[in-house]
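Taking it in order: structure first as structure tokens, then the write-up.
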Amino acid sequence: MNRSMKGFLYISAWVVSWLLFSSIINAGFITTNVYEAGGKGGILTLFISAIIAIAGAFSLYKEVFPNDLPKSK
């Protein structure tokens with residue numbers, strides 16, 4: 001599989017994971033009346049979970065694709 005396809009699949013998997021994670025957290029907060037549906041709390045949850053997902057994607061990239069990193073001289 002070429003590098004572009006690996007990158008596309010890696011990013012797609014992280015986007016799906018991020019949306020699933022944030023939806024589960026958001027549903028829990030709405031169910032427990034932390035905030036109401038459609039409010040600013042949902043946007044804040046989505047934003048914070050996006051930061052977590054981006055950090056996770058960057059930190060795990062070296063583990064997932066060790067052969068795709070540029071070789072240091």
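Read-outs throughout are calculated quantities, based only on the coordinates presented, and are distinct from any laboratory measurement. What you are looking at is a predicted structure, and each value in this text was computed from that prediction instead of being measured. Note: ideal-geometry Cβ built from the backbone for every residue, glycine included; neighbour counts use all protein chains shown.
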Does any residue of region 4-16 turn out to be assigned to a helix (DSSP H, G or I), out of contact with any strand residue (DSSP E or B) (no Cβ under 8 Å at 6 or more places or on another chain), in contact (Cβ under 8 Å) with a residue 60 or more places away in the chain and not aliphatic (A, V, I, L, M)?
yes
For region 62-70, does any single residue satisfy the condition of being under 14 Å from the mean Cα position of the chain (by Cα) and not polar (S, T, N, Q)?
no
Answer yes or no as to whether residue 57 is touching a residue at least 40 places away in the same chain (Cβ under 8 Å), among the small types (Gly, Ala, Ser) and part of a helix (DSSP H, G or I).
yes
I'm trying to understand the selection: among the residues of region 24-51, which are assigned to a helix (DSSP H, G or I) and surrounded by 14 or more Cβ atoms within 10 Å (Cβ to Cβ)?
25, 26, 29, 30, 41, 42, 45, 46, 49, 50
For region 1-23, give me each residue that is β-branched (Val, Ile, Thr) and surrounded by fewer than 12 Cβ atoms within 10 Å (Cβ to Cβ).
11, 16
